[in-house]
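Novice: Let me give you the structure first, and then I'll get to my questions.
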Amino acid sequence: MSFKRLDPEDISISAEAISAPLWSTGLANLAAFYTSSNQVSGPTGDYYYKIYDENNTFLNTQFSITFGNKDGLGTQLYNVNVPGKSPSSTIYGQYRNLVFGDEDTEFVFGTVTQDTIYAITFDRARYKEKLLPGSFNITLTDPVVGNSIKLTDNSKDVSTVSYVDAGRVYELVSGSNGNAYSGSGQGYTTSQGSYGKFLPDVGVVILNAAALDLSAPQGVNIGTSTSTTSQNIDKLYSVIAAGASSDALSEETISSNYIFVRVRNSEFNYSTNPSNITGSGELRHAVMVNTPQAYITTVGLYNDSNDLVAVAKLSKPLLKDFTKEALVRIKLDY
């Protein structure tokens, strides 16, 4: 084993953005959506539904959906003597804090302030570091009438990115692949603003309930209700399942260290294996005196304390002698 100190120019650092399908199916499009009856009817069902890609609750969760109202409408009160406190108010406050970082800012869709929202939260394992703007599409369909609307973020239509406490934020518009449909203006509704917010850095989509409650062609008449038995989460699930289509890609930045190990012709030609030395201290093979050869199989990276911190294995042994030089490129991803 021989050692050689690396020079600063032997190390190069790069970063590359890698995108991949969001869903556990390995496909960019998810066409079937299922819930778990145990979860929906259980204690968490009043707060959110978990959505799976097959009718099998043991598979991976794809995302969850929920409903929120600033004044606690649309769900049963925790205590009839305490008005305005219910699962919907808890959910609204949770997402308001997540998105804006305070309890005073309200959701403004386009230019219209709304108190009622739905939210889609992608499973953390699905979106990795962040969602890829321009890749999100979802089709919502009225399961009774059959009217549909396709929503996307407007990341390709804006020249300046807006930021909130949760990172980048885009409006959700009627369109596809990051663009509003031509002829639909900004892709907003005429009276209720945009269809929601797309927050790629936290894997969340906030839906504007008032915009979805409009009749076709602007909405899908989801039927959001302020009744304490309205089952609003189930109504959102119904239009998602009937739409049977959602596209999304995850995105992560892979940082890499490229280390170039340069082996000159005069270096690493002699073996340090003790089996090459006889008991009297002579080379076991005379040919190794004037024409030594060695085979490079492994490159180890050590710190200044002589601790082995990384190992690179060559795909096949590399013959080395005084007539050959070698350049081994090592890539470390993190």
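A short reminder: the numbers here are calculations on the coordinates, not readings from a lab. Note that the structure is a prediction, hence the values are computed from the model and not measured. For neighbour counting, all protein chains shown are included, and Cβ atoms are generated from backbone atoms with ideal geometry for every residue, glycine included.
Novice: Tell me which residues come under 5 Å, amide H to amide H, from VAL164 once H is placed; ignore anything under 5 positions away on its chain.
Specialist: So VAL164 has HN proximity to VAL169.
Novice: Return the distance in nm (one decimal) between the two label points of a simple spin-label model at ASP321 and THR291, each offset 7 Å from Cα along Cα→Cβ.
Specialist: 0.5
Novice: So if I take the centroid of the Cα atoms in region 188-223 and the same for region 17-50, what is the distance between those two points in Å?
Specialist: If you average the Cα positions of each part, the centres end up 20 Å apart.
Novice: Continuing with the same structure: Of VAL202, VAL161, VAL108, which is the most mobile in a GNM of the chain whose springs link Cα atoms less than 10 angstrom apart?
Specialist: Taking springs between Cα atoms under 10 Å, the residue moving most is VAL161.
Novice: Determine the relative contact order of the chain: mean sequence separation of Cα pairs under 8 Å and six or more apart, normalised by residue count, in whole percent. List each step's numbers first, then the result.
Specialist: Numbers: 736 pairs, mean separation 64.8, N = 334.
This gives 19 percent for the chain.
Novice: To the nearest µm²/s, what D does Stokes-Einstein give for region 20-138 at 20 °C and 1.002 mPa s, using the Kirkwood radius over alpha carbon pairs as Rh? Mind dumping the intermediate values first?
Specialist: Values: Rh = 16.0 Å.
Answer, rounded: 134 µm²/s.
Novice: Would you look at the GNM of the chain, springs on alpha carbons closer than 10 Å, and say which of ARG262, ARG284, ARG124 moves the most?
Specialist: Judging by the Gaussian network model, the answer is ARG284.
Novice: Under 21 Å between C-alpha atoms is the cut-off here; go through region 26-164 and count lysine pairs that meet it, provided they're at least eight residues apart or on different chains.
Specialist: Working: LYS50/LYS128; LYS50/LYS130; LYS70/LYS85; LYS130/LYS156.
For region 26-164, qualifying lysine pairs total 4.
Novice: Quick check: from the Cα gyration tensor, does region 194-238 come out rounded (a/c under 1.5), prolate or oblate?
Specialist: On the way: a/c = 2.47, a/b = 1.36, b/c = 1.81.
Here region 194-238 falls in the oblate category.
Novice: How long are the three semi-axes of the equivalent ellipsoid for region 69-171, computed from the Cα gyration tensor as the root of 5 times each eigenvalue, in whole Å, largest first?
Specialist: Equivalent ellipsoid of region 69-171: 27, 20, 14 Å, largest first.
Novice: Using the crude model of +1 on Lys and Arg Cβ and -1 on Asp and Glu Cβ, and no other charge, please compute the dipole size for the chain relative to its Cα centre, in debye to 20. Walk me through the numbers on the way to the answer.
Specialist: On the way: 24 positive and 33 negative charges, 206 e Å.
That gives a dipole near 1000 debye.
Novice: What is the diffusion coefficient of the chain in µm²/s, taking the Kirkwood radius over Cα pairs and the Stokes-Einstein relation at 37 °C with a viscosity of 0.692 mPa s? List each step's numbers first, then the result.
Specialist: Values: Rh = 23.9 Å.
Value of D from the Cα-based Kirkwood radius: 137 µm²/s.
Novice: Now a separate question. Just how large is the dipole of region 141-228 about the Cα centre, in debye to the nearest 20, putting +1 at every Lys and Arg Cβ and -1 at every Asp and Glu Cβ? List each step's numbers first, then the result.
Specialist: Numbers: 4 positive and 7 negative charges, 23 e Å.
Computed charge dipole of region 141-228: roughly 100 debye.
Novice: Next up: Given the C-alpha atoms of region 287-333, compute the convex hull and give its volume per residue in Å³. Walk me through the intermediate numbers first.
Specialist: Numbers: hull volume 5.1 nm³, N = 47.
Value for region 287-333: 109 Å³ per residue.
Novice: Next question. Which one, PRO217, PRO274, PRO83, has the greatest fluctuation when you compute a Gaussian network model over the chain with C-alpha springs under 10 angstrom?
Specialist: Sorting by GNM fluctuation, first place goes to PRO274.
Novice: Next question, about the same structure. Residue by residue, what Karplus-based ³J(HN,Hα) values in Hz, rounded to whole numbers, does region 210-216 have, using 6.51, -1.76 and 1.60 with θ = phi - 60° and x for Gly and Pro?
Specialist: Result, rounded to whole Hz: 5, 5, 5, 6, 5, 7, 4.
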